[in-house]
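Take a look at the structure set out below.
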Amino acid sequence: MIQRHALLVLAVAASLALSGCKREPSPDAGSTAAGTSAERKNETADEFVTRVNAELKAMYPELTAAQWLSSTYINDDSQLLAAKANEKYLTALNGWIEQARKFEGQQMSPETSRAIMLLKLGTSMPAPNDPAKLAELSRLATKMEGMYGAGSYCTAAGDSKSCRQLPELEDVLRSSRDPAAQLDAWQGWHTIAQPMRNDYQRFVELVNEGARDLGFANAGEMWRSGYDMPPAEIAAETDRLWGQVKPLYEQLHCYARTRLDARYPGQGSVNGLLPAHLMGNMWQQDWGNLWDVLAPYTDAQAGSLDVTGALEKQHQAILNDLQTAQSPFIGEDKRVELARQAQLDIARSMTERAEDYYVSLGMPKLPAQYWQKTQFIKPRDRDVVCHASAWDMNMSGDDGKSPDVRTKMCIKPNEEDFTTIYHELGHVYYYLAYNHQPPLFQGGAHDGFHEAIGDTIVLAMTPQYLQSIGLVSGQQPSQEAVINNQMRMALAKVAFLPFGLMIDRWRWGVFDGSITPDNYNKAWWDLKARYQGVAPATTRGEEFFDPGAKYHVPGNTPYTRYFLSHVLQFQFYKSLCDAAGYQGPLYQCSFYGNKAAGEKFWAMLGKGNSQPWQQTMKELTGGEQMDASAVLEYFAPLQDWLKQQNEGKTCGWTAPSAAATGAGDAASPAG
Ligand code: X8Z
Ligand code: ZN
């Protein structure tokens, strides 16, 4: 998760990093190395921006260190330190925003004016002026993220109690095809969010107050103001883009429902909607784990695309090697240690693979520190936030220090985690490329850009590429193989689109008051039904707080960025294929090893957030608009195929009251 510019690049640290807004200059931001208040009185706008950049950079490492600690070692102490560091930062930011007021209406260079705009806009957590409320907000944000990270579902059987955290519960959804076990895992995880409801409600009040202090109607409007266009326009843009891809999603939905109905007779849909617990993913945002249910062709002709199976095999082989090197009579402790070593080794080797793609494009190798400080796998002895993230700890810039960039994941040898590593390294390479920019410009052209970098590479992970790295075999050119690979991509990319949209439709509504606390859960499921055509199998009343079971809600990371990224990445992909001189159907292009594509990408990344995104977009793609036609071009063969498969079926679904009825009853395809 990455914020839209440096400040927030605290990225990852999404929830906290973000700013606040206090009208009084804070004593703290007052007398740093950059000068006394008296000297500052006469400073020009340029000098002001230079000073803020320096102060921001100076305080950044302490803040990120506290946040890293609290995300990788969750306990009361680390949370206290993170909340305090964040409070200090928010207070400093309030000071800068207040100081910037004196430049309003003055003539200044476009860069300076942009830097000041970013200073005011770059936060997703605007804090109220009142220091007590600011501290409360900071504590709440830290607490909710900690609750998510430490979330655990415990069941008791007789005397023994067993607890599972998100990764284990996700394993069930990924691998089990027993509907009762899947429902239990799904419901179990959602219990962890129930206690967040009151905190979230208060959190909303506080950020809204912060947003109003800054002159926005509410926090949602502030989030929508970060796109170099009026806030109402970006909302309309997302509607337009969704309109372009909706028919494709509807075809995929129809096909998935038919297959699920066949796989789970009588339970494969809920009044025409897809049952939340059966989609292989806790939030139904990626259906890739349902490959066994949804694969178009399974004969040899189509070739195998079982990346997860191949990674698991590699993992086993590493473990076997480690064990063979030992005496057969090793004790339990040693056995556990070897198992851990094997997990770490496979995680590192998956990461090296991802790094290799970027390096093949001419980008630098990851700094040595990256390998020392990254969290690759879930530690055994403490709670951590497993949700993947990428960090720039020090904005090293041109100061001669080595960049301290890291990722934090709980990697397992499966396809989803493998592609997530490529995603995270996209953030890291963006950090490295724009590191020379002033801190305020160290951010994505907009936040959707940041999310799209690694995914652009994921699109270039064609079966040929996967075969070249030994993860799939027997690839032959055939129409069946094309459809299979298109389906593999669509289950990740197309299934995601309505999910990418509905999260912030919910939060925009919560922030503007059209969704009230007594309606939180109902509104959530109404939106899931409307956009995704997904429903829970059992009634989810207001005793639940299902939004809190998705990281970005307690983590306060805006989500529209991911929807935009799922459009942008196809545009970037197409442009890089062009730059590589590729000719042929878009879906077969890989630019592995192509330096011309790499140079073009790197130049774009290096711009950071220093100019309006439309300009950056133009430099890469030739156009200034987000546009989903590359998505449709890419998936054209699959869309034709889906149309044939769905012929004679009644596709679509009726959304309302899916949540209210809950269900359980077998569903006939809805009209
Ligand atoms: O949160 C993420 C990344 C970190 S920025 C792992 N993603 C979204 C999610 O998991 O919900 C990537 C795709 C969507
Ligand atoms: Zn990301």
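The values are calculated or read from the model by the stated rules, or taken from the named source; none is laboratory data. The shown structure was predicted, so the numbers you read here are calculated from the model rather than taken from an experiment. Reconstructed Cβ throughout: ideal geometry from the backbone, glycine too, with neighbour counts over all protein chains shown. Surface areas here come from the heavy atoms of the whole protein model, side chains and all, with no ligands, DNA or RNA. Shrake-Rupley method; radii C 1.70, N 1.55, O 1.52, S 1.80 Å.
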- Message: Out of H566, H552, I need the residue that is within 16 Å of ligand 2 (Cβ to nearest atom) and part of a loop (DSSP other than H, G, I, E, B). Which one?
- Response: H552
- Task: Determine which member of the set H423, H436 is modelled with pLDDT of 95 or more and under 30 Å from K313 (Cβ atoms).
- Result: H423
- How many residues are more than 13 Å from ligand 1 (Cβ to nearest atom) and either open to solvent by 10 Å² or more (accessible area, probe 1.4 Å) or part of a helix (DSSP H, G or I) (or both) if we restrict to the range 397-422? 12
- Task: Output the residues belonging to the range 265-319 that are among the acidic types (D, E) and not in a loop (DSSP other than H, G, I, E, B).
- Result: D292, E312
- Task: From the list V245, V207, V270, pick out the single residue that is in contact with a strand residue (DSSP E or B) (Cβ under 7 Å, 6 or more places away or on another chain), of a type in the set (V, I, T) and touching a residue at least 24 places away in the same chain (Cβ under 8 Å).
- Result: V270
- Failed item in (1) more than 13 Å from ligand 1 (Cβ to nearest atom); (2) open to solvent by less than 10 Å² (accessible area, probe 1.4 Å); (3) more than 30 Å from A490 (Cβ to Cβ), with W391 passing the rest: (1)
- Would you tally the residues in the range 328-342 being of a type outside the set (A, V, I, L, M, F, W, C) and open to solvent by less than 70 Å² (accessible area, probe 1.4 Å)? 3
- Message: I'd like the full set of residues that are hydroxyl-bearing (S, T, Y) and within 22 Å of S71 (Cα to Cα), limited to the range 350-386.
- Response: T351, Y370, T374
- Query: Among K595, K574, which is in contact (Cβ under 8 Å) with a residue 24 or more places away in the chain and closer than 25 Å to L491 by Cα?
  - Reply: K574
- Message: Can you tell me how many residues within the range 394-453 are within 15 Å of ligand 2 (Cβ to nearest atom) and among the charged types (D, E, K, R)?
- Response: 7
- Item | Total residues in the range 578-622, condition among the β-branched types (V, I, T) and open to solvent by 50 Å² or more (accessible area, probe 1.4 Å) | 0
- Just one of Q314, Q285 is in contact (Cβ under 8 Å) with a residue 40 or more places away in the chain and within 16 Å of ligand 2 (Cβ to nearest atom); which is it? Q285
- Query: Do we find that G266 is at pLDDT below 95, away from ligand 2 (no atom under 16 Å from the Cβ), open to solvent by 10 Å² or more (accessible area, probe 1.4 Å) and at positive phi in this structure?
  - Reply: yes
- Query: Give me the pairs: first residue in the range 171-193 and more than 9 Å from Y153 (Cβ to Cβ), second residue open to solvent by 40 Å² or more (accessible area, probe 1.4 Å), beta-carbon distance under 7 Å, and six or more apart or on different chains, which are they?
  - Reply: P179/Q267
- Message: Name the single residue that is farthest from ligand 1 (Cβ to nearest atom) among those in the range 532-574 being open to solvent by 10 Å² or more (accessible area, probe 1.4 Å) and in contact with a His (Cβ under 7 Å, 6 or more places away or on another chain).
- Response: A537
- Query: Just checking, how many residues over the range 357-396 are within 17 Å of H427 (Cβ to Cβ) and either out of contact with any helix residue (DSSP H, G or I) (no Cβ under 7 Å at 6 or more places or on another chain) or in a loop (DSSP other than H, G, I, E, B) (or both)?
  - Reply: 21
- When you look at R382, is it of a type in the set (K, R), away from ligand 1 (no atom under 16 Å from the Cβ) and at pLDDT 95 or above, yes or no? yes
- What helices (runs of 4 or more DSSP H) completely inside the range 438-503 contain at least 1 residues that are basic (K, R)? 479-493
- Result of the Cβ filter at 7 Å on the range 378-389, keeping first residues that are farther than 16 Å from R406 by Cα and partners that are among the hydroxyl-bearing types (S, T, Y) and open to solvent by 20 Å² or more (accessible area, probe 1.4 Å), at least 6 apart or interchain, is R382/Y73
- Search the range 436-464 for residues being open to solvent by 10 Å² or more (accessible area, probe 1.4 Å) and of a type in the set (S, T, N, Q), and hand back the single one that is nearest to the chain's Cα centre (by Cα). Q437
- Filter the range 358-373 down to residues that are in contact (Cβ under 8 Å) with a residue 60 or more places away in the chain, aliphatic (A, V, I, L, M) and farther than 19 Å from G400 by Cβ and give me whichever is surrounded by the fewest Cβ atoms within 10 Å (Cβ to Cβ). M363
- Query: Which one of these is under 22 Å from P438 (Cα atoms), modelled with pLDDT of 95 or more and open to solvent by 10 Å² or more (accessible area, probe 1.4 Å): R139, R114?
  - Reply: R114
- Can you confirm whether the range 429-445 contains a residue that is away from ligand 1 (no atom under 14 Å from the Cβ) and under 18 Å from H566 (Cβ atoms)? yes
- Taking the stated definitions as given, is D261 among the charged types (D, E, K, R), closer than 19 Å to F496 by Cα and surrounded by 15 or more Cβ atoms within 10 Å (Cβ to Cβ)? no
- Note on the structure: Per the filter on the range 628-637, residues under 26 Å from the mean Cα position of the chain (by Cα) and among the aliphatic types (A, V, I, L, M) are A628, A630, V631, L632
